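Heads up: the structure comes next, in structure tokens.
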Amino acid sequence: MTTKNTDVLIIGAGLTGLTLAYLLKSLNLKTTIIEANTRVGGRIVTKRNTNEAPIDLGATWLVPQQTNVLNLLKSLQIDVFEQFYGSTAIYQPDPSKQAQLVSLPNNDSVSYRIKNGTQTLIKTLTDQLDQTSVHTDTSAISIQLKAEYLEVKTNKQTYHATYVVSTLPPALFNQNISLTPELPEIITDTLSKTHTWMHNSIRVGFTYKTPFWKHPQSSGTIYANSGPLQEFYDHSNAEQSVYALSGFMSSNLSDLNKEQRKNLALEQLQGYYGDQALAYLNYEECVWIDQKHTIKPDNNFLITQQNNGHPLYQERYLNEKLFIAGAETSAVFSGKMEAAVSSAMHVFDSLKAEIN
């Protein structure tokens, strides 16, 4: 097995890892990213089909208060646009009652989506990393403290790194990577009991030729307290030239197959829109509990956001050489894109202060 040297080894090529690598360019450090998946992006996934609206199946929405990620988008010259909700919503309190069209309250707050899909941010960041080595299909197995560096063994090679930054969900990091010496019990217990954002979500979407839900007596905003689809929204592109509906499906349907989930979703949409809902172009989905490089199997018992942003994640370990970063480790907007970018900035500031 070959051995490679690097100044900073980042574990995980999601938004935190790619943002950190982008920031580290200014410090002239040799940076390497390893990613267990065959793709980069982590919990950001956009499905694109020719001449159809891109469907985001992971992180999607931003609000004006999420200034770090919005500033990053601006610096990369990536546009955002306002999510269209409309003035009404289809609301179904339970399956025994008819769905009704209700007025949405006047709300000055807005949310944004990234033009051409959230994956645009991932691609743009990756394109900036000309001097950064990104190795997919590469899983970290162990981290061992040596006198002058950390030795990281993977399924493909060994790395000697001055600093290691894990951007994995904390519970997954704790489960999959062995450390020598072991971390204190207080941090391993926190790692194992940290909720992984979106770990049991099912995101689905349908593309269409026409936005039939924009009829005055209809809506693309759906809230249902029961049934397969729980929240659904207009997911058309920024130019309103190609059209889609997308949102969240009940996590209880993860044991079904894709065709079964699609048919249940269509049946519900048909009840709201009639047969025109059946004339879809493509159906896309992501069942996040099936993503083995995102979650650990027993994460379901944790309370939502349990230990997210815990103070222990602001500390460094293994002789100050190991950082534990990622969306769950930031106390502000934990689990969101804002948290991922904020976490990357925190690690960058720490390294910059030390090197300078």
*How much accessible surface does Ser133 have with a 1.4 Å probe, in Å² rounded to 10?*
50
*Using 0.36 nm per residue of separation minus the Cα-Cα distance, give me the extension gain between Asn107 and Gln175 in nm, one decimal.*
20.2 nm
*Grab the Cα-Cα distance for His135 and Asn225, subtract it from 0.36 nm times how many residues apart they are, and report the gain in nm with one decimal.*
28.1 nm
_About the Cα centre, charge dipole magnitude for the stretch 25-78 (Lys/Arg +1, Asp/Glu -1 at Cβ), debye_ = 180
*Nearest 10 degrees, 0 to 90: what angle lies between the long axis of helix 258-273 and the longest principal axis of the chain (Cα atoms)?*
40
*Size of the chain along its principal axes in angstrom, Cα-based, largest extent first?*
69, 40, 37
*Averaging over all projection directions, find the projected area of the Cα convex hull of the stretch 1-125 and quote it in nm² with one decimal place.*
12.5
_Please give the charge dipole size of the stretch 1-159, origin at the Cα centre, charges +1 on K and R Cβ atoms and -1 on D and E Cβ atoms. Round to the nearest 20 debye._
260
*Roll a 1.4 Å probe over the protein heavy atoms and report the accessible area of His346 in Å², nearest 10.*
70
*Taking all pairs of distinct Cα atoms, average 1/r, flip it, and tell me the Kirkwood hydrodynamic radius of the stretch 231-356 in Å to one decimal place.*
18.3
*How many percent of all Cα-Cα pairs in the stretch 203-297 sit more than 23 Å apart?*
24
*asked:* If amide hydrogens are placed 1.01 Å from N in the peptide plane, which non-local residues have theirs closer than 5 Å to the one on Ala140?
replied: none
*Report, to the nearest 10°, how far helix 119-128 tilts away from the longest principal axis of the Cα atoms in the chain, using its own Cα long axis and a range of 0 to 90°.*
30
_Exposure rank, largest accessible area first [Thr294, Thr67; 1.4 Å]_ = Thr67, Thr294
_Using just the Cα positions, wrap the stretch 48-202 in a convex hull and report its mean projected area in square nanometres, one decimal place._
15.2
*Dipole of the chain, positive end: most advanced residue of Leu62, Phe348, Pro170 [Cβ charges, Cα centre]*: Phe348
*Might you report the magnitude of the Cβ-based charge dipole of the chain about its Cα centre, with Lys and Arg at +1 and Asp and Glu at -1, to the nearest 20 debye?*
480
*In what order, largest first, do Arg261, Arg39, Arg48 sit by accessible area if the probe radius is 1.4 Å?*
Arg48, Arg39, Arg261
*Residue farthest toward the positive end of the dipole of the stretch 225-345, with Cβ of Lys/Arg at +1 and Asp/Glu at -1: which of Thr294, Gln270, Ala244?*
Thr294
*For the chain, what does -39500 (n - 2.57) per DSSP helix run (n ≥ 4), summed and divided by total residues, give at 222 nm, in deg cm²/dmol to the nearest 500?*
-7000 deg cm²/dmol
*Tally up the carbon and sulfur contribution to the accessible surface of the stretch 233-356 as a whole percent, 1.4 Å probe, everything protein left in place.*
47
_Quick check: with the 1.4 Å probe, what order do Phe173, Phe212 take by accessible area, largest first?_
Phe212, Phe173
*What accessible area, in Å² to the nearest ten, does a 1.4 Å probe give for Ile78?*
20
*asked:* Quick check: Cα centre of the stretch 169-221 to Cα centre of the stretch 82-110, how many Å?
replied: 25
_Selection from Thr138, Ile114, Trp213 lying farthest towards where the dipole of the chain points positive, charges on Cβ_ = Thr138
*If the viscosity is 1.002 mPa s and the temperature 20 °C, what translational diffusion coefficient in µm²/s does Stokes-Einstein give for the stretch 1-62 when Rh comes from Kirkwood over Cα pairs?*
157
*asked:* Looking only at the chain, where both bridge partners belong to it, what percent of the DSSP beta bridges are antiparallel (to the nearest 5)?
replied: 65
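The values are calculated or read from the model by the stated rules, or taken from the named source; none is laboratory data. What you see is a predicted model, and the numbers here were worked out from it, not measured in a lab. No Cβ is skipped: glycine too gets one built from the backbone with ideal geometry, and neighbour counts run over all protein chains shown. Surface accessibility is based on the protein's heavy atoms, side chains included, excluding ligands, DNA and RNA. Shrake-Rupley method; radii C 1.70, N 1.55, O 1.52, S 1.80 Å.
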